[in-house]
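Throughout, read-outs are computed from the coordinates displayed, never taken from laboratory work. None of these values were measured; they are calculated from a predicted model. Virtual Cβ from ideal backbone geometry, glycine too; neighbours counted across all protein chains shown.
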Amino acid sequence: MEALEAAWGLLRLLLAVALLAFGLYCGYIKYTHLKYDYIPGAPRASFLLGHLPSLWRMFSSKEVASELFAQWAEEYGPVLRMNMFHKVSLIILSPEGVKEYLMLPKYPKDREIYGRFQSLFGERFVGTGLAVDYDHEHWHKQRRIVDPAFSRTYLMGLMGIFNEKAEELMKVLEEKADGETKVDVMDLLRRVTLDIIAKVAFGLELNTLYDDQTPFPRAVSVVMDGVAKVRIPAFEYMPWNRKIVKEVQENVRLLRRTGQACIEERRKAMQNGEETPSDILTQILKTEAQEGDCDHESMLDNFVTFFFAGHETTANQLSFTIMELGRQPEIVAKLQAEVDEVIGSKRDINYEDLGNFRYLSQVLKESLRLYPPVPSTLRWTKTENVIEGIKIPANTSLVFNMYVMGRMERYFKDPLVFNPDRFDKEQPKQYYSYFPFSLGPRSCIGQTFSQMEAKVVMAKFLQRFEFQLAPPQSFKILDAGTLRPLDPVVCRLTLRNPLA
């Protein structure tokens, strides 16, 4: 009897402590509300959860979360408060704010958000790679080593590989170009961009275009799905998800083992004076040797980062572009006229040709405005500031959303109309409301690489084929961390200009 009473006493004590802790936490949430409630924002769906229920509804219905921010911006203005438990983030949809926080190096990436991607379900993933490193000094050291490999001068020498891999895609498409066969263009673009980054960056021949179920391409696919699931609260702790989590962990390890073997083999070959491919890895290792700074773990982090940042976003951009062009016959005709003028029936595209694809450049920019694969970037401010007349408190997470700003009437006339002419060189430049590759010192190191690749693939596609979208095509967007078409971009192709 005494033991039972003692157990009940302990249970009551634990319950009291839990209630006290919960009460204190609620008090802290209330304190946070008072600190930020002067900033405009939609009503919280819940005292405890804040705006999370609204976001979860968007995710569960496969809607783009950024559309919610667009609704809020229309009603509450360009600086918005977003509550999630005790954490408050501010969504900044103002060129003034973009200029201040993205252009200056003193504002780091948000440690809490980007830190989530350093590991994936407990396995080191991209670690402190360039895309997620929030330590400015460490990032700057990495960027200094990697920069020469992504310079325009160095990338010019890689045009042969862009042409080679794009030509392989054209051959696959030509075999299906009978006007009747339905071709999943988005899937093939995902495969070829993975092949391109593998060859251009690391000298690897993956041949994903022909078989995406070999170990490395399959690992990339499995891990991509895992990255999308990270946003689901407590996903890895749910017993019924253990099989998925374990598979993701195993494939993360496979990616890093492959990277380690690739780097060690190349480093050894260079030390022995052997001939090595003129790819991005060779250039990085040369710069690393000159700097006398060998950071093996960071190199491995960037191996993984380049594969994920370097193929999926470009594949998604190209998929959105073809999807949109499927309902823009006048723009397609204008594009084909330009391609015919610049390269005619030539098989290989020169670097000089890329500069002459002026209208194609405008189309690709317009596609990124409406459909930025990476819709937002985040920063952390340690100091107070004032943006749009609103005080921004110190120690606050800031969200900059390209998707929303690209669709706001105040920055782009008729924003939902696909109009490449808005990027004509005679038009006013949109300096701080258009940033699909971010801006400032932390802008995407691969943006020149990406757009060279996109131009080569699109120019060859437009040169060779007439295409029609095969219904159904909803033109909706899937928000899986990055943005891609919700429906596969399925086309029927016919040969337009077969080459000998």
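Observations, loosely collected:
- Pairwise FRET efficiency - E174 versus R111, Cβ, R0 = 60 Å, nearest 0.05: 0.75
- Full-stretch length increase - L48, A234 - with 0.36 nm per residue and alpha-carbon distance subtracted: 65.3 nm
- Taking the charge dipole of the chain about its Cα centre, with +1 at Lys and Arg Cβ atoms and -1 at Asp and Glu Cβ atoms, the residue from Q290, A6, L439 reaching farthest to the positive side is A6.
- Potential lengthening between N207 and C26 on full extension [0.36 nm per residue; Cα-Cα distance subtracted]: 59.7 nm
- The chain: angle of helix 358-370 to the longest principal axis, Cα-based, in degrees nearest 10: 20 degrees
- Separation of region 237-293 and region 18-81, taken as the distance between their Cα centroids, equals 40 angstrom.
- Per residue, the chain reaches -17000 deg cm²/dmol at 222 nm when only DSSP H runs of four or more residues are counted, each adding -39500 (n - 2.57).
- For I477, the residues 5 or more places off, or on other chains, whose built amide H falls under 5 Å of its own are L486.
- Cα-centred dipole magnitude for the chain, charges only on beta-carbon of K, R (+1) and D, E (-1), debye, nearest 20: 1100 debye
- Look at the dipole of the chain built from charges on Cβ: of V88, L364, G273, the Cα furthest out on the positive end belongs to V88.
- Relative to the longest principal axis of the Cα atoms of the chain, the long axis of helix 65-76 lies at roughly 70 degrees.
- Taking the chain and dividing mean pair separation by its residue count, relative contact order in percent (alpha carbons under 8 Å, at least six apart): 23 percent
- On Cα atoms only, tilt of 185-202 relative to the major axis of the chain in degrees: 90 degrees
- Each of P415, G50, G23 was placed along the dipole of the chain (beta-carbon charges, centred on the mean Cα), and the one lying farthest toward the positive end is G23.
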